[in-house]
Amino acid sequence: MAEAAVRARLPISREVAMPDRSTVISLLQTLRRYLTVGVGSAITDLGLYALLTHGAGMDPVFANLISRPCGGLFSFTVNKLWTFNRRELRGTSSEFLRFCLVWLAAYTLSESLIWLFTRQCHWGPLHAKIPAEVVTGIFSFIFLRFWTFRK
C-alpha cells in the first residue's frame, strides 16, 4: 500500500529518450579520434619502451617511467587540439592540471599492472605492457571525455 502511494507521487516514465543522430555521430567521431591518438601515443610509448628494455637493457619498470610520460605529452597535445577540439588557450592550464591528475592515476595503474604482470606473473616486458595499456586506455578515455576536456 505504501508502494502505491509512492508511485502516485512520483511519475515514472517507461520511455527512454534516445539521443539524436547528431549526438551519436559526434560521440562516435570523438571515440574514433581518441583511438587514433591512442595509437600514436602507444607507438610513442611502446616504441621508446621497447628501445629502452630491449635495446638498452633497462629494467621494464624504469623504462616505463620514461616512455609513458612521452606518450602522455603526445596524448595531451593531440587530444586537446584534435580529439576534443579545445583550441582556445583560456582554460588550458586547468585542463592540463586535470589531464595530469588523470594521467598520474592512469600511470599508477599502468605501473601497478606492469609490476604485477612482470614480477608476479613472470610475463615478458611486452606481454605485460599491452594488457596494462588496454585497461589504462579505457580508464583514461572515460575521465578525459567527461572531466578533463568537458565542455
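The values are calculated or read from the model by the stated rules, or taken from the named source; none is laboratory data. Computed from a predicted model, the values in this text were never measured in an experiment. All Cβ positions, glycine included, derive from the backbone under ideal geometry; neighbour counts span all protein chains shown.
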statement: When every residue in region 71-96 that is over 15 Å from the mean Cα position of the chain (by Cα) and of a type outside the set (S, T, N, Q) is compared, the one modelled with the lowest pLDDT is LEU89
message: Name the single residue that is farthest from THR30 (Cα to Cα) among those in region 136-151 being aliphatic (A, V, I, L, M) and loosely packed, with under 13 Cβ neighbours inside 10 Å.
response: ILE138
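What number of residues within region 80-97 are among the basic types (Lys, Arg), free of Cβ contacts under 8 Å to residues at least 40 places away in the same chain and under 21 Å from ARG33 (Cα atoms)?
Qualifying residue count, region 80-97: 1.
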query: How do the pairs read when you match residues in region 103-126 that are charged (D, E, K, R) with residues anywhere that are assigned to a helix (DSSP H, G or I), using Cβ under 7 Å and keeping only pairs 6 or more apart or on different chains?
result: GLU111/VAL61; GLU111/ASN64
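Take the conditions surrounded by 18 or more Cβ atoms within 10 Å (Cβ to Cβ), closer than 18 Å to LEU65 by Cβ and in contact (Cβ under 8 Å) with a residue 40 or more places away in the chain and apply them to GLU133. Does it pass?
Details: surrounded by 18 or more Cβ atoms within 10 Å (Cβ to Cβ): yes; closer than 18 Å to LEU65 by Cβ: yes; in contact (Cβ under 8 Å) with a residue 40 or more places away in the chain: yes.
Here the answer is yes, as GLU133 does meet what is asked.
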statement: Scanning region 15-53 residue by residue, the ones that are more than 14 Å from the chain's Cα centre (by Cα) and free of Cβ contacts under 8 Å to residues at least 60 places away in the same chain total 21
statement: By residue number, the members of region 5-57 that are among the acidic types (Asp, Glu) and modelled with pLDDT of 90 or more are ASP45
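So that you can scan it fast, the table gives a plain yes or no per residue for (1) of a type outside the set (Asp, Glu); (2) under 24 Å from GLU95 (Cβ atoms):
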{"position": "THR30", "(1), (2)": "yes, yes"}
{"position": "TYR34", "(1), (2)": "yes, yes"}
{"position": "VAL39", "(1), (2)": "yes, yes"}
{"position": "LEU52", "(1), (2)": "yes, no"}
{"position": "ASP59", "(1), (2)": "no, no"}
{"position": "VAL78", "(1), (2)": "yes, yes"}
statement: Taking region 71-127 and keeping only residues that are surrounded by fewer than 16 Cβ atoms within 10 Å (Cβ to Cβ), assigned to a helix (DSSP H, G or I) and polar (S, T, N, Q), one is left with THR77, THR92, SER93, SER94, THR108, SER112, GLN120
